[in-house]
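What follows is a short report on a single structure.
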Amino acid sequence: MVQKARGIIELPDRQIECEVEVPTLLIDLAEREGIILNVACGGKGTCGGCAVDLLSGKFSNRNGEEISFPQGSPHRVLSCQTVLLEGPFRIRVPRYSLVSAGERVVMDFAHAPKVTLRPAVRKEHIKLIKPAMPDQRGIIERIVDELKRRGYQQPIRASVYVARKIDFTLDSERELTVTVANGDLGSHIIRIEQGDTTSSLYGVAVDVGTTTVVVSLVDLNTGKIIDTVSSYNQQIRRCDDVASRIAYASNQEGLEQLRELVVESTINRLLGLLQSRHGLSADDISYMTVAGNTVMTHLLCGISPVGLGGVPFIPVSNFPGPYRADQLHLLINPEARVDLLPSAAGYIGGDITADMLICNLTEQDELTVLVDVGTNAEIVVGNRNRLIACAAPAGPAFEGSGITAGMRASTGAIDSFKLDDIEAEPEYTVIGDTAPVGICGSGLIDFVAQVYRAGIISATGRFTDDAIKRCPRVGRFPDRNGQEVLAYEVVSAEQLEDGLAPIIVTERDIATLLQAKGVIFAALQIALKHFGKAVSITQGCFDGIKRFYLAGGFARHVNLDNAVIMGLLPDIDREKYTFIGNGSLAGAYLTLLDEQIRDRLPHITTSLEVIELNLDKDFEEAYTLAMLLPEV
């Protein structure tokens, strides 16, 4: 007999009454109720991101050992490791455990070159006269002959899907509109409509990120972006970071689950939203371009990324596609062409190709640097004559993962931090102007820089003796697991919604951040060394940089001065820095507009010399030195 339990899940803004079959994992219960928890570790119980408070009910751990706690008093557990046995139950979900709407997503781009409007998809208005004997050519053949006359690349094909949509006869003159896609192997008819619909031609540009997906609807007649929508990449329901997704996709079932989550549950929902907002059908969208890292594009296509999980990091393809939309189960015209921006290497993906495109790196005469800060910080340095690229395994610290009170840049995140001196009270801002919940990447950079400048931590990231004596906010505090640790208290427990544990930054947190920034800074030094800017990592590495591009949503919100104080970025003229916003989306957009740009993409990727940091004899020394905080 099936047993069920009834209970309540408390969220920061509402309560959910539910009934569920038991026993069941709390993480599964949450997903069933549409609650997405932070499972950066893929449910292994190591990241602490899915913590919830048990208030009442009967529970056990995954080994079947019953959890004992005073009913009514909050008892914190990990939802991925805790099983609900009996009701009635009451569970509270703290805000920082939620992957919720409100993340600060960069959906625009501040830097993009002008292009000529010549999309790979066009509409042609054609008049077919009433035929007379002995001319017995079919409707499609008559259309093909007219397209040949207009200079379309041959062969010109139409699929059975297009043929089945023809529901008229040539018993009189017909005005038709034919949508044609140009490709490497000829032209492809993707739609035949009655009447003149040439004024309506649409495409979509897609940025498939590990965390978020952004889709822009574009009028291909004018090149204007009509609307842009975004949401979390729903793959986070299974696992958060790239490495855990590679592991999850190691079997066919896991691979198919991740494909469905990014396509059906993410991209298609966003496409449906755009279509409903603007009165369009799926057939009205005739072209799609997609930019993303190599793992994300593989998962979107249902291609195994397992080869990217270990040395030598070989993907199935660096140049996937083009594909038809129906092959990828996308909610646009099934015959529509889908172009995926190519990758240069396993961890130099199509998103970096997009960044390079909009920065025009292959045409720069002077030394130019591009850094895209994420879980893997990708770096490109050089000019039109030579470009060096590498991926720095920084880890997800700047996304808040692995940090005691770390979180993504969403509502409740402390995103800036200022401190005047060792005894002063800190000043901070919070996304959404709400009660603070945790600290996101830009806030963490500010924190390290400001407490270092105030003398609270040393160059190695340890709390100084002076700070332990004089700073009222340095002491031993409980972390979210109840363990007392030496830390700086950013916000006291009394100021938080749950009141259980303060927002703190520990020495271990600082060490994690210094390791992450050290990898990025050292990788930049090594890339510049390979370009020939210095004979060693300490001699003039940054001399001669004319432009320094910072890509990605995270970079857009970084305080440059604090990033320099921390040693994340080099101390060069601030005017040389340029924030480009969502370069991945911008590159997909430009590719959508101009088929000649699409044809240039392979040249961009093959122009790169990709270096492996672990094979460079100077990297270890550079990394060791870069983990230290520089002299203020």
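In segment 601-623, the qualifying residues are those that are free of Cβ contacts under 8 Å to residues at least 40 places away in the same chain and in a helix (DSSP H, G or I), and the one that is surrounded by the fewest Cβ atoms within 10 Å (Cβ to Cβ) is 615.
I'd like the residue in segment 192-220 that is of a type in the set (S, T, N, Q) and assigned to a strand (DSSP E or B) and, out of all such residues, is most open to solvent (accessible area, probe 1.4 Å). Here the residue is 194. Within segment 320-339, the set of residues being open to solvent by 30 Å² or more (accessible area, probe 1.4 Å) and part of a helix (DSSP H, G or I) comprises 326, 327. Pairing each residue of segment 62-85 that is within 21 Å of residue 97 (Cβ to Cβ) with any residue that is hydroxyl-bearing (Ser, Thr, Tyr) and open to solvent by 60 Å² or more (accessible area, probe 1.4 Å), provided the two are 6+ apart or on different chains, yields C-beta distances under 9 Å for 75/68. Return the total of residues in segment 385-437 being part of a loop (DSSP other than H, G, I, E, B) and touching a His at 6+ places or on another chain (Cβ under 8 Å). So the count comes out to 1. Pairing each residue of segment 371-398 that is basic (Lys, Arg) with any residue that is open to solvent by 20 Å² or more (accessible area, probe 1.4 Å) and assigned to a loop (DSSP other than H, G, I, E, B), provided the two are 6+ apart or on different chains, yields C-beta distances under 8 Å for 384/364; 384/365. Anything in segment 379-409 that is farther than 19 Å from residue 583 by Cβ, open to solvent by 10 Å² or more (accessible area, probe 1.4 Å) and of a type in the set (Gly, Ala, Ser)? List them, or say none. Result: 395, 401, 402, 406. Just one of (1) of a type in the set (Asp, Glu); (2) open to solvent by less than 70 Å² (accessible area, probe 1.4 Å); (3) modelled with pLDDT of 85 or more fails for residue 135. It is (3).
Conditions (1) surrounded by fewer than 17 Cβ atoms within 10 Å (Cβ to Cβ); (2) modelled with pLDDT of 90 or more; (3) acidic (Asp, Glu), marked per residue:
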residue: 31; (1), (2), (3): yes, no, yes
residue: 40; (1), (2), (3): no, no, no
residue: 44; (1), (2), (3): yes, no, no
residue: 58; (1), (2), (3): no, yes, no
residue: 83; (1), (2), (3): no, yes, no
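Residues in segment 165-188 that are at pLDDT below 90 and of a type outside the set (Asp, Glu): 165, 166, 168, 169, 170, 172, 174, 182, 183, 185, 186. Of all residues in segment 566-597, those satisfying the criterion of being surrounded by 22 or more Cβ atoms within 10 Å (Cβ to Cβ) and within 30 Å of residue 624 (Cβ to Cβ) are 566, 567, 568, 569. I'd like to check something: does segment 351-363 contain any residue that is of a type outside the set (D, E, K, R), open to solvent by 20 Å² or more (accessible area, probe 1.4 Å) and over 23 Å from residue 589 (Cβ atoms)? Looking for residues that are of a type outside the set (D, E, K, R), open to solvent by 20 Å² or more (accessible area, probe 1.4 Å) and over 23 Å from residue 589 (Cβ atoms), one finds none in segment 351-363, hence no.
Within segment 170-186, if we keep just the residues that are touching a helix residue (DSSP H, G or I) at 6+ places or on another chain (Cβ under 8 Å) and over 24 Å from residue 319 (Cα atoms), the residue that is most open to solvent (accessible area, probe 1.4 Å) turns out to be 170.
Residues that are open to solvent by less than 20 Å² (accessible area, probe 1.4 Å) and of a type in the set (Asp, Glu) within segment 434-481 comprise just one, 446. Scanning segment 260-294 for residues that are open to solvent by less than 30 Å² (accessible area, probe 1.4 Å), touching a helix residue (DSSP H, G or I) at 6+ places or on another chain (Cβ under 7 Å) and without any contact (Cβ under 8 Å) to a residue 60 or more places away in the chain gives 261, 262, 265, 266, 275, 282, 294. Of the strands (runs of 3 or more DSSP E) lying entirely inside segment 1-76, those containing at least 2 residues that are under 27 Å from residue 247 (Cβ atoms) and in contact with a Pro (Cβ under 8 Å, 6 or more places away or on another chain) are 51-61. Taken over segment 368-384, the criterion of being part of a loop (DSSP other than H, G, I, E, B), touching a Phe, Trp or Tyr at 6+ places or on another chain (Cβ under 6 Å) and of a type outside the set (Val, Ile, Thr) is satisfied by 376 alone. Only a single item in (1) hydrophobic (A, V, I, L, M, F, W, C); (2) touching a strand residue (DSSP E or B) at 6+ places or on another chain (Cβ under 9 Å); (3) open to solvent by 80 Å² or more (accessible area, probe 1.4 Å) is not met by residue 189, and it is number (3). Mind checking whether some residue in segment 232-244 is assigned to a strand (DSSP E or B) and crowded, with 17+ Cβ neighbours inside 10 Å? The answer is yes; a qualifying residue exists.
The values are calculated or read from the model by the stated rules, or taken from the named source; none is laboratory data. Remember, predicted model here, so these are calculated numbers, not experimental data. Reconstructed Cβ throughout: ideal geometry from the backbone, glycine too, with neighbour counts over all protein chains shown. Ligands, DNA and RNA are excluded from the accessible area calculation, which covers all protein heavy atoms including side chains. Shrake-Rupley method; radii C 1.70, N 1.55, O 1.52, S 1.80 Å.
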